1. For Ser50 and Val4, what is the calculated FRET efficiency with R₀ set at 30 Å and r taken between the beta-carbons, to the nearest 0.05?
2. Can you give the charge dipole size of the chain about its Cα centre, rounded to the nearest 20 debye, using +1 on the beta carbon of Lys and Arg and -1 on the beta carbon of Asp and Glu?
3. Between 0 and 90 degrees, rounded to the nearest ten: what's the tilt of helix 2-16 against the longest Cα principal axis of the chain?
4. Cα convex hull of the stretch 6-45: how many Å³ per residue?
5. For the chain, find the longest principal axis of its Cα atoms and tell me its angle to the long axis of helix 22-47, 0 to 90°, nearest 10.
6. Counting other Cβ atoms within 10 Å of each Cβ, which chymotrypsin sites (Phe, Trp or Tyr not before Pro) in the chain have at most 12 and sit in a DSSP loop?
7. From the phi of every residue in the stretch 54-67, what ³J(HN,Hα) in whole Hz does the Karplus formula 6.51 cos²θ - 1.76 cosθ + 1.60 yield, where θ is phi - 60° and glycine or proline is x?
8. Under 8 Å for C-alpha pairs, at least 6 residues apart: give me the relative contact order for the chain, rounded to a whole percent.
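None of the figures in this text is laboratory data; all of them are computed from the coordinates on show. The shown structure was predicted, so the numbers you read here are calculated from the model rather than taken from an experiment. Every residue, glycine as well, gets a Cβ built from its backbone with ideal geometry; the counts of neighbours run over all protein chains shown.
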Amino acid sequence: AGGVIVSYFEWVQGLQQFFWTEDEVMQRLYDALDRSWAAVRARAKADGVSNRKAALAIGVQTVRRAKEVRGLFP
């Protein structure tokens, strides 16, 4: 997961023509992973399911919202 996130950071930096130091990249990576882990744990606890199922539910919900925003989901 970390490699994908850092690749996204590189893409964003290239688009916006600014660059972060390695320390900034690492801090942003840790922040993103911490937020994601907290969301998975909260969802797992709320739904009474495993972390794996909670992560899958969050992923499906994220895709659904993106499709709704784009008008691709009824």
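1. Details: r = 22 Å, r/R0 = 0.74.
So the FRET efficiency works out to roughly 0.85.
2. Values: 11 positive and 8 negative charges, 136 e Å.
The calculated dipole for the chain is roughly 660 debye.
3. Roughly 50 degrees, rounded to the nearest 10.
4. Values: hull volume 2.4 nm³, N = 40.
Once divided by residue count, the hull of the stretch 6-45 is 60 Å³.
5. That works out to roughly 0 degrees.
6. Values: sites: Tyr8, Phe9, Trp11, Phe18, Phe19, Trp20, Tyr30, Trp37; in loops: Phe18, Phe19, Trp20.
The qualifying sites are Phe18, Phe19.
7. Those phi angles translate into 5, 4, 4, 4, 5, x, 4, 4, 5, 5, 4, 4, 4, 5 Hz.
8. On the way: 25 pairs, mean separation 13.3, N = 74.
18 percent.
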